[in-house]
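The values are calculated or read from the model by the stated rules, or taken from the named source; none is laboratory data. The structure displayed is predicted, hence computed values, not measured ones. Methodologically, a virtual Cβ is constructed for each residue, glycine included, from the backbone with ideal geometry; neighbour enumeration extends over all protein chains shown. SASA here: full protein model, heavy atoms, side chains in, ligands and nucleic acids out. Shrake-Rupley method; radii C 1.70, N 1.55, O 1.52, S 1.80 Å.
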Amino acid sequence: MIKKILKTILWLGLILLLFFAVSFFIISPPQADRIVWGVNFSQKQSENLGLNWKENYSFLLDDLRVKNLKLAIHWDLIEPLQNNYKFDDLDWQINEADKKGAKIILVIGMKTGRWPECHLPQWANGLSKEEQQKEILDMLESVVLRYRNSGAVKYWQVENEPLFEFGECPWTDKNFLKEEIGLVKSFDKRPVIISDSGEWSFWFGSAGLGDLVGITMYRKVWFSPLNIYISYPLTPAFYGNRAEIIKKIFGKEVIGVELQTEPWCQSFLKDCPLKEQEKTMSLKKFKENLDFARYSGLKEFYLWGAEWWYWQKTTQNNPAFWEEAKNQIIR
């Protein structure tokens, strides 16, 4: 535990040092003339909140008129039994987006976001690493071949923060990630996003692998190594300046694939008291996070928390977050 805490403190120090370094050379990142706003959606997260996920998704398209979506494909939902794929729900999501003219980042792989991050089907848990990797490649092939002709799919995102050790995952393997990317590109030429922690990574590894780099942008979170809430002491320029460095070195665009607009509790949101939720996400913080993103210079953001906004609206009689998204972002 002591080693883990010391490692955490070291990383915080390195991040702050990097911030001051890039801020010295680049005072303020170029501001985007127009920001593309989108939202994240996870069928599993909507269901975990006790919602009708189809209704939740339809309201995003029809009421918020969302035109940019990041959809997480959870392996255990699409292949609940080995070699027995269940694509009906995902087909419906992609077809609905296509009908409404929305474009999609499709997140595919073992680690696709939302706790526990890695969504292995029960049948895959007992397999060896090599056997799991073979099954993952088979799954990726099935998904890409099924949706490569969809006009709604704009980007493939291969895994979620695959080089960042977070979540309950059996292994991390950069060489296998390269194999996954190569397989996707062999079947389709759409750009591949590799995502990374906006706060805990330098992004170089992801930039060397993907066509675009997707980053997180979190402001206040539950920090489990120290069992406290922390606010990251970062500025918009911390993100924007590093994005400029990535662009200069690698020629790659950086986009925000997770902008915090929901609470980060030490428990699942449904089990987290409302007063506790407000410690990391209030309407004031919601607005502040949007303004923070606007000043970063990044041109594209996908908000993290659309399922929670709908949960607030429909079960807590609090439509404020939903209406704020509608009025300020989705125009």
Per the list (1) over 24 Å from residue 200 (Cβ atoms); (2) in a strand (DSSP E or B); (3) among the acidic types (Asp, Glu), residue check on residue 323 breaks on (2)
Could you list, ordered by first residue, the pairs with Cβ atoms under 7 Å in which the first is in segment 187-208 and closer than 16 Å to residue 172 by Cβ and of a type in the set (A, V, I, L, M) and the second is open to solvent by 50 Å² or more (accessible area, probe 1.4 Å) and outside any strand (DSSP E or B), at least 6 apart or interchain? none
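Could you list all residues from segment 92-123 that are farther than 13 Å from residue 180 by Cα and in a loop (DSSP other than H, G, I, E, B)?
Filtering segment 92-123 down to residues farther than 13 Å from residue 180 by Cα leaves 92-106, 112-123.
Those that are farther than 13 Å from residue 180 by Cα and in a loop (DSSP other than H, G, I, E, B): 100, 101, 102, 112, 113, 114, 115, 116, 117, 119, 120, 121.
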Yes or no: segment 206-216 includes at least one residue that is among the polar types (S, T, N, Q) and open to solvent by 20 Å² or more (accessible area, probe 1.4 Å). no
Residue check, residue 314 against (1) open to solvent by less than 60 Å² (accessible area, probe 1.4 Å); (2) outside any strand (DSSP E or B); (3) not charged (D, E, K, R), all met but one. Which one? (1)
Breaking point among (1) surrounded by fewer than 19 Cβ atoms within 10 Å (Cβ to Cβ); (2) within 28 Å of residue 254 (Cβ to Cβ), for residue 160: (1)
Residue 225 being open to solvent by 20 Å² or more (accessible area, probe 1.4 Å) and not in a helix (DSSP H, G or I): yes
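Going residue by residue through segment 77-87, is there one that turns out to be part of a loop (DSSP other than H, G, I, E, B), modelled with pLDDT under 95 and either β-branched (Val, Ile, Thr) or in contact with a helix residue (DSSP H, G or I) (Cβ under 8 Å, 6 or more places away or on another chain) (or both)? Show your work before the answer.
If we filter segment 77-87 for residues that are part of a loop (DSSP other than H, G, I, E, B), which is where we start, we get 79-80, 82-83, 85-87.
Next, only the ones that are modelled with pLDDT under 95 stay: none.
No, that holds for no residue.
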Could you tell me which residue of segment 268-282 is least open to solvent (accessible area, probe 1.4 Å), considering only residues that are charged (D, E, K, R) and closer than 18 Å to residue 322 by Cβ? 278
Any idea which residue in segment 228-256 is nearest to residue 105 (Cα to Cα), counting only those that are part of a helix (DSSP H, G or I) and among the basic types (Lys, Arg)? 247
Six or more apart or on different chains, Cβ under 7 Å: which pairs go from a residue in segment 62-80 that's among the small types (Gly, Ala, Ser) to one that's modelled with pLDDT of 95 or more? Could you list them? 72/42; 72/107; 72/112; 72/113; 72/114
Among all residue pairs at least 6 apart or on different chains, which show Cβ distances below 7 Å where the first residue, located in segment 31-45, is closer than 22 Å to residue 78 by Cβ and the second is open to solvent by less than 30 Å² (accessible area, probe 1.4 Å) and among the small types (Gly, Ala, Ser)? 39/306; 40/306; 41/306; 42/72; 42/113
Report yes if some residue within segment 257-267 is without any contact (Cβ under 8 Å) to a residue 40 or more places away in the chain, of a type in the set (Asp, Glu) and either assigned to a loop (DSSP other than H, G, I, E, B) or loosely packed, with under 15 Cβ neighbours inside 10 Å (or both); otherwise report no. no
In segment 43-65, which residue that is assigned to a loop (DSSP other than H, G, I, E, B) and among the charged types (D, E, K, R) is least open to solvent (accessible area, probe 1.4 Å)? 63
